[in-house]
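The values are calculated or read from the model by the stated rules, or taken from the named source; none is laboratory data. Since this is a predicted model, take the numbers as computed values, not measurements. Glycine gets a Cβ as well: all are built from the backbone with ideal geometry, and neighbour counts include every protein chain shown. With ligands, DNA and RNA removed, areas are computed over all heavy atoms of the protein, side chains included. Shrake-Rupley method; radii C 1.70, N 1.55, O 1.52, S 1.80 Å.
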Amino acid sequence: GPGSVLHANVFVGEQTTLGSDCELWPGVVIRERCTLGDRVVIHPNTTVGSDGFGYQFIDGRHVKIPQIGTVTIENDVEIGANCAIDRAKFGTTRIGVGTKIDNLVQVAHNVQIGPACVVVAQCGIAGSARLGQGVVLGGKVGVRDHITLHDGVQSAACACISKDVPAGTTVIGSPAVPAEQFAREQGKVRR
């Protein structure tokens, strides 16, 4: 698109579309058939559209499952350095409008991140997880596959989220529990 800037050593695969006013910093890789909206900023050495981690154990060895989906990054998204956004096995991995992703984040295949989310450094979001609108994940949060974090969920740093979280809930701990429950449990342990 008009006004987009590709810095040194950027790779853009075939049938990939970039909107207007995007900026891809050095070393960014956007693989084939991905779609970026307008005003997307991607910092150095991030890869969008790499294969999802899919294998089946057959006859004593791991056999790769083809990852034939795509990635869509909507308008006004910013992605930090050294992130990996995997393509979907089928369908689309999606990063919603206005979402901000810090450095060193893994977004696995088929993940759906809603609009206006914030994902802080070293988070890992496993395959087919869904984040609603305005979800905030502190640093080093792990999100299990096939679960949903509904709108407005917030997670303290280093939490391990292993089940669906209702809208507006703040979670903490490993396994993650609502903040109020965590405070009561910790108080009892200390007593």
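Report the Stokes-Einstein translational diffusion coefficient (µm² s⁻¹, integer) for region 1-111, Rh taken as the Kirkwood radius over Cα pairs, at 4 °C with viscosity 1.567 mPa s. For these conditions, the coefficient is 93 µm²/s. Largest first, the three principal axis extents of the alpha carbons in the chain are 60, 48, 24 Å in whole numbers.
Run the dipole for the chain about the Cα centre, Lys and Arg Cβ at +1, Asp and Glu Cβ at -1, nothing else charged, and hand back the magnitude in debye, nearest 20. Rounded to the nearest 20 debye, it is 780 debye. Normalised per residue, the accessible area of the chain is 49 Å², obtained with a 1.4 Å probe and no contribution from ligands, DNA or RNA. Relative to the Cα centre, the charge distribution of region 143-189, modelled as +1 at Lys and Arg Cβ and -1 at Asp and Glu Cβ, gives a dipole magnitude of about 160 debye.
Of the residues VAL29, GLY127, ILE58, the one whose Cα sits farthest toward the positive end of the charge dipole of region 23-178, with +1 on the Cβ of Lys and Arg and -1 on the Cβ of Asp and Glu, is ILE58. Carbon and sulfur: what percent of region 1-154's accessible surface (1.4 Å probe)? In region 1-154, the share of accessible area belonging to carbon and sulfur is 52 percent. Between the helical axis of 179-190 and the dominant principal axis of the chain, each derived from Cα atoms, what acute angle in degrees is found, rounded to the nearest 10? For 179-190 against the chain, the angle is about 50 degrees.
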